[in-house]
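Colleague: If you scroll down you'll find the structure; I have some questions about it.
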Amino acid sequence: MSLSHKEFEKRWEQAHRKSRPQQKKSSIAPVIHLSVISVLDNYMSQLHKAVEGHALSKEECDAVCEKIAELKPLAKKADAKAAKYLKV
Amino acid sequence: MSLKERLSPDNLMESLPISRDLLTRLGLLGAQVTRKIAIDQVSVDNGTLHNLKVEKVALGSASIGSLKVENGSASVNNANAVLNQVRSIVELGFHLDWQIDLGWIGSWDGSEDMGSLDIPVDLGTITVPDLGDIDLQIPSIDIPGLVAQMKPIDQLDLGNLDLSGVRLDKLSLPSAGLSITGMGVGDLTLSSVTVPSADGEAMRVNRAAPTGTLNLPGASLENVAIPAINMPAATSGSFSADATASDKSLGIDIGLLKVSIRVTPTVHLDVGSMTLSDAQLAADLGKVSLDDISLPVSLEGISGGELGLNSISVNKLTF
């Protein structure tokens, strides 16, 4: 980012007073979103990769994915009802 | 009597059947018509003048509507540069990059801005002993409202000129070569003479100055090269420059978790002034256009040949 002369003078003065990094956030806390739905989605994508790698037949993959697809709406409904108990 | 004596003036006068008094009066009248002829006014409806030449055209201050320079270029060569009051701030920007990989359960990553650290560095005066040649390409420059002093034009050949409504006042003609004989009058006055047409061999006008201004539609010059100019020293005002280096990172990898700290160095430079010395300036102008030129003009030493005038009328002719 290019600095104007005024901004340069301001930061020049500040740099002589402070020697610590100027933090833009008060804390650094990475946030991870984990849920049954996302786990099921990741599981299905890994099964597809296994088919591409010839470790699993397409029929076996489709059979599992069909069951997961039936399970996902039920899991979503349960998540909505019991959210505070299922919090990660 | 010899032949020489018979042809003497006295013998010839005696032999003529006219009295000596009458011959003396005719001689006086002949002497009178060799006086100057004064013409009050001559009007000419129209005419033509061939081979018109003007010795000098004096041009006044020209007002130029706009000056446009296209495809210009300039270069600064062999210069030394001195940068005065140079200060820099080295800004270190810190970022935390992380990645969590739990296999089929899921993977997550992100980057957190950890702020920046400014390190001020006072560099003082920096001397660049041999600055590389700087080439500048200038696509177009428009300069409106110029006033320029124009140089006179010498030996202008205008070819042919049509004349109309010519009038000469108080014209005086020497009567040398004019011979009138057999007229017994002392003075001749003509109140009005009309000549259907006349042809002259040449005409010369010492000076003519139009009362209005001469408007030129435009002019252009192409490929004008300005010779190299030695420039002893040129000092600029303050300016700033920034430069960002590539990232440097330091990370750890423990399988499920990867964490790295990335540092981005940026240098902010502030220069109080820059002095260019011993530089050589050169410039090329691709095309220079001058538009809407208006200037006063006066003509001196106008000459022409083969003058033809039609419908000449003389108001008063006096011998």
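Colleague: Rounded to the nearest 500, what is the 222 nm mean residue ellipticity of chain A from helices alone, with -39500 (n - 2.57) per DSSP H run of 4+ residues and division by all residues?
Modeller: About -21000 deg cm²/dmol.
Colleague: Determine the shielding of peptide A:30-39 by partner chains: average, over its residues, the number of Cβ atoms on other chains within 10 angstrom of each Cβ.
Modeller: Rounded to a whole number, the mean comes out at 3.
Colleague: Please list, in chain and number order, the residues 5+ apart from B:LEU67 or on another chain whose amide H is under 5 Å from its amide H, with Hs placed from the backbone.
Modeller: Under 5 Å from the amide H of B:LEU67 lie the amide H atoms of B:ILE143, B:GLY145, each far enough along the sequence or on another chain.
Colleague: Taking H as built 1.01 Å from N, whose amide H comes closer than 5 Å to the amide H of B:LEU102, not counting residues under 5 places away?
Modeller: Sorted by chain and number, the residues that satisfy this are B:SER107, B:TRP108.
Colleague: Report, as an integer, the average count of C-beta atoms from other chains found within 10 Å of each Cβ along B:239-252.
Modeller: Per residue, the number of nearby Cβ atoms from other chains is 1 on average.
Colleague: Under a point-charge model restricted to the Cβ atoms of Lys and Arg (+1) and Asp and Glu (-1), what is the dipole moment magnitude of the range A:32-88 relative to its Cα centre, in debye to the nearest 20?
Modeller: 500 debye
Colleague: Moving to a separate point now. For the range A:32-88, state the average projected area of the convex hull of the C-alpha atoms over all orientations, rounded to one decimal in nm².
Modeller: For the range A:32-88, averaging the hull's shadow over all directions gives 4.3 nm².
Colleague: What residue among A:ALA83, A:LEU56, A:TRP12 has its Cα farthest toward the positive end of the dipole of chain A, where the charges are +1 on Lys, Arg and -1 on Asp, Glu, each on the Cβ?
Modeller: Among A:ALA83, A:LEU56, A:TRP12, the one farthest towards the positive end of the dipole of chain A is A:TRP12.
Rule-based calculations on the coordinates, nothing more; no lab input. Keep in mind that this is a model prediction, so the values were computed, not measured. All Cβ positions, glycine included, derive from the backbone under ideal geometry; neighbour counts span all protein chains shown.
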